[in-house]
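We did not get these values from a lab; they are worked out from the coordinates using the rules stated. Note that this is a predicted model, so its numbers are computed, not measured. Positions of Cβ are backbone-derived with ideal geometry, glycine not excepted, and every protein chain shown enters the neighbour counts.
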Amino acid sequence: MAGDLYATPEHAQFRETVRKFVVEELRPRAREFDAMGRFDKALYRKMGDLGMLGLRYDPAYGGSGLDWSYTAVMFEELGRSDNAGVTMGICVQTDMATPSLHEFGSEALKRQYLVPAIAGEMVTAIAVTEPDAGSDVAGIKTRAVRDGNEWVINGSKTYITNAATADWLCLLAVTDPKAGYGGFSQIVVPTNLPGFRYDLLEKIGNWGSDTGQLFFEDLRVPLANTIGEVGRGFQQQMMQFQDERLVGCVSSLAGSEQLWEETKKWTEQRVLFGKPLSKMQNTQFKMVELWTDLAAAKELTRACVEQRVSGVDATRLITAAKLFCGRVSRRVADECIQFHGGYGYMKESLAGRAFVDSRLISIGGGSDETMMHYLAKQLGF
Ligand SMILES: Cc1cc2nc3c(=O)[nH]c(=O)nc-3n(C[C@H](O)[C@H](O)[C@H](O)COP(=O)(O)OP(=O)(O)OC[C@H]3O[C@@H](n4cnc5c(N)ncnc54)[C@H](O)[C@@H]3O)c2cc1C
């Protein structure tokens, strides 16, 4: 496989810290988290203590002030935690629900909600998707109406990761239905307020994270909980999606690489018709094709990270990478489950779990078609 994305001594040291956390805290409990249907909230504090939850955030709020390459290193390691649901829950905390608050939030809001999120004392969720609006983000209906110094929120969200665990949500709501793309706002919504409830959903994969539907009924939060300017929520959310998508590429490829390695070992050990499966040309050719796909996807992802680090607008490349990496991960999982035969279909096998988990990559965080829709526009169609 291609070498590590970033290989300075500082990156290597940080990689070792994350690897130790993955090996000691996550992998041994991976199936326990699946059975719980969620991640252990106490581990957020451990990650906070290790500095994993605010890598590129301002040290004034407890972050480490590092560039995005460290985020890539962290998710390369977390992608090998043998639990895609857990990795996604962590991604929500670091790269889905908090970037807007860090970038646009008021000082007071950052002190109240970002500092504890970076410390792992509060868990977060990002609440955008609704029962009638997923890909069409501008079609959301959850409404925040101004009443004095408060927003009164009514509506519902669905498929929300960390639904049961979150202490606060980064909510996208309609604040002015007549203002088009200027009619949305991002609002920090604590989940312990009257008027909030959730129902958990049962998923076919990604069992280590809790996913649910959220309901808001006359829920009141201060106007001061608005992230950035009122009416800029749609634009801020579009920016926030970029980091989520790039993390998705990095972590899914790391998981696929792990699966490829495990599958190679499996084919070396599994004997059929008097010889190891790995000695059959079909096996070798397919494994080589997968390796090539993975190498190409890693290089594309590396280019995105480099653009992100250098401050260039990486939107187009990240969109292409999200599309490509999702498809590569699905292909790797599909081919690898096949090499495992019946064992691949067992819940205990990495290949089986990867098969269902990888399916999400082409749906969540913007579907393949959403990526193609955006790219078609960008490329002048
Ligand atoms: C496990 C899981 C966790 C999730 N976590 C979160 C979360 O934490 N927060 C959150 O806000 N959301 C979350 N989501 C929601 C996710 O982002 C949406 O499911 C996704 O954006 C797709 O929206 P949708 O489900 O409404 O599908 P739809 O938008 O209804 O899409 C249906 C189909 O139409 C296709 N389509 C879309 N656009 C086009 C187009 N232009 N042309 C042709 N076809 C198109 C889609 O690709 C898809 O095949 C999660 C979803 C899952 C499954």
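From largest to smallest, what semi-axes in whole angstrom does the range 320-362 give when each is the square root of 5 times an eigenvalue of its alpha carbon gyration tensor?
Output for the range 320-362: semi-axes of 21, 10, 5 Å.
At 10 °C and a viscosity of 1.306 mPa s, what translational diffusion coefficient does Stokes-Einstein give for the chain, taking Rh as the Kirkwood radius over Cα pairs? Give it in µm²/s as a whole number.
74 µm²/s
Using amide H atoms built 1.01 Å from N in the peptide plane, name the residues 5+ places from Trp151, or on other chains, whose amide H lies under 5 Å from its own.
Counting only residues 5 or more places away or on other chains, the set is Val221, Leu223.
Whose amide H sits under 5 Å from the amide H of Gly228, counting only residues 5 or more places off or on another chain, with H placed in the peptide plane?
Under 5 Å from the amide H of Gly228 lie the amide H atoms of Gly105, Ser106, each far enough along the sequence or on another chain.
Any of Lys110/Lys141; Lys46/Lys322; Lys203/Lys347; Lys157/Lys347; Lys178/Lys203; Lys41/Lys298 with alpha carbons more than 25 Å apart? Name them for me.
Over 25 Å Cα-Cα: Lys110/Lys141; Lys46/Lys322; Lys157/Lys347; Lys178/Lys203; Lys41/Lys298.
At 7 Å along the Cα-to-beta-carbon direction for both Ile204 and Thr17, put a label point, then send me their distance in nm to one decimal.
A separation of 3.9 nm, rounded to one decimal place.
Through the Karplus equation 6.51 cos²θ - 1.76 cosθ + 1.60, θ set to phi - 60°, convert the phi angles of the range 10-17 into ³J(HN,Hα) values in whole Hz; use x for Gly and Pro.
In residue order, the calculated couplings are 5, 5, 4, 5, 5, 4, 4, 4 Hz.
Using only the Cα atoms of the range 109-263, build the gyration tensor, take square roots of its eigenvalues as a ≥ b ≥ c, and label the shape rounded, prolate or oblate: rounded if a/c is under 1.5, else prolate if a/b is larger than b/c, else oblate.
Prolate is the answer for the range 109-263, as a/c is 1.5 or above and a/b outweighs b/c.
³J(HN,Hα) across the range 162-169 via Karplus (A = 6.51, B = -1.76, C = 1.60, θ = phi - 60°), whole Hz, x for Gly/Pro?
Each residue of the range 162-169 in turn: 6, 4, 8, 8, 5, 8, 8, 10 Hz.
Which FRET efficiency value, to the nearest 0.05, is calculated for Arg270 and Ala60 with the Förster distance at 45 angstrom and r the Cβ-Cβ distance?
My answer for the efficiency is 0.25.
List the aspartates and glutamates whose alpha-carbon lies under 14 Å from that of Lys279, not counting same-chain residues fewer than 8 positions away?
Cross-link targets: Glu268.
Using Cα pairs under 8 angstrom and six or more residues apart, how large is the relative contact order of the range 78-140, in percent?
Dividing the mean separation by the residue count of the range 78-140 yields 25 percent.
Cα convex hull of the range 6-65: how many Å³ per residue?
Roughly 97 Å³ of hull volume per residue.
So how many Å³ per residue does the convex hull of the Cα atoms of the range 203-331 work out to?
Considering the Cα atoms of the range 203-331, their hull volume per residue is 150 Å³.
Place a +1 charge on the Cβ of each Lys and Arg in the chain and a -1 charge on the Cβ of each Asp and Glu, then give the dipole magnitude about the Cα centre in debye, rounded to the nearest 20.
Computed charge dipole of the chain: roughly 640 debye.
To the nearest 20 debye, what is the magnitude of the charge dipole of the range 237-381 about its Cα centre, counting +1 on the Cβ of each Lys and Arg and -1 on the Cβ of each Asp and Glu?
Computed about the Cα centre, the dipole is about 280 debye.
Name the residue from Met372, Trp68, Trp151 whose Cα lies farthest towards the positive end of the charge dipole of the chain, charges +1 on Cβ of Lys and Arg and -1 on Cβ of Asp and Glu.
My answer, from the dipole projection, is Met372.
Report the semi-axes of the equivalent ellipsoid for the range 125-171 in whole Å, largest first, where each axis is √(5λ) for an eigenvalue λ of the Cα gyration tensor.
They are 19, 16, 7 Å, listed largest first.
To one decimal place, what orientation-averaged projected area in nm² is obtained for the convex hull of the Cα set of the range 243-301?
4.0 nm²
Quick one: what does P(r) look like for the range 341-381 with 10 Å bins over all Cα pairs, in whole %?
P(r) for the range 341-381, in whole percents per bin: 27, 30, 22, 15, 6.
Starting from 0.36 nm per residue, how many nanometres of slack lie between Val145 and Ala376 once their C-alpha separation is accounted for?
Here the answer is 79.6 nm.
Could you state the per residue volume, in Å³, of the convex hull enclosing the Cα atoms of the range 78-146?
Output value, Cα hull per residue: 133 Å³.
What list of ³J(HN,Hα) couplings, whole Hz, do you get for the range 354-360 from phi and the Karplus terms 6.51, -1.76, 1.60, once you set θ to phi - 60° and write x for glycine and proline?
Whole-Hz 3J(HN,Hα) from phi for the range 354-360: 4, 4, 7, 5, 5, 4, 5.
Give the list, by residue number, of cysteines in the chain with no other Cys Cβ closer than 4.7 Å, or say none.
For the chain, the answer is Cys91, Cys170, Cys304, Cys336, because their Cβ atoms have no other cysteine Cβ under 4.7 Å.
How big is the range 33-192 along each principal axis, measuring the range of its Cα positions in Å and listing the largest first?
45, 37, 29
For the range 1-110, what is the convex hull (Cα atoms) projected area averaged across all directions, in square nanometres?
Hull-based average projected area comes out at 7.5 nm².
Counting only residues 5 or more places away or on other chains, whose amide H sits under 5 Å from the amide H of Glu130 once H atoms are built in the peptide plane?
It is Thr158, by chain and number.
Hey, could you get me the Stokes-Einstein D for the range 187-237, Kirkwood radius over alpha-carbon pairs, 4 °C and 1.567 mPa s, rounded to whole µm² s⁻¹?
In µm²/s, the coefficient is 97.
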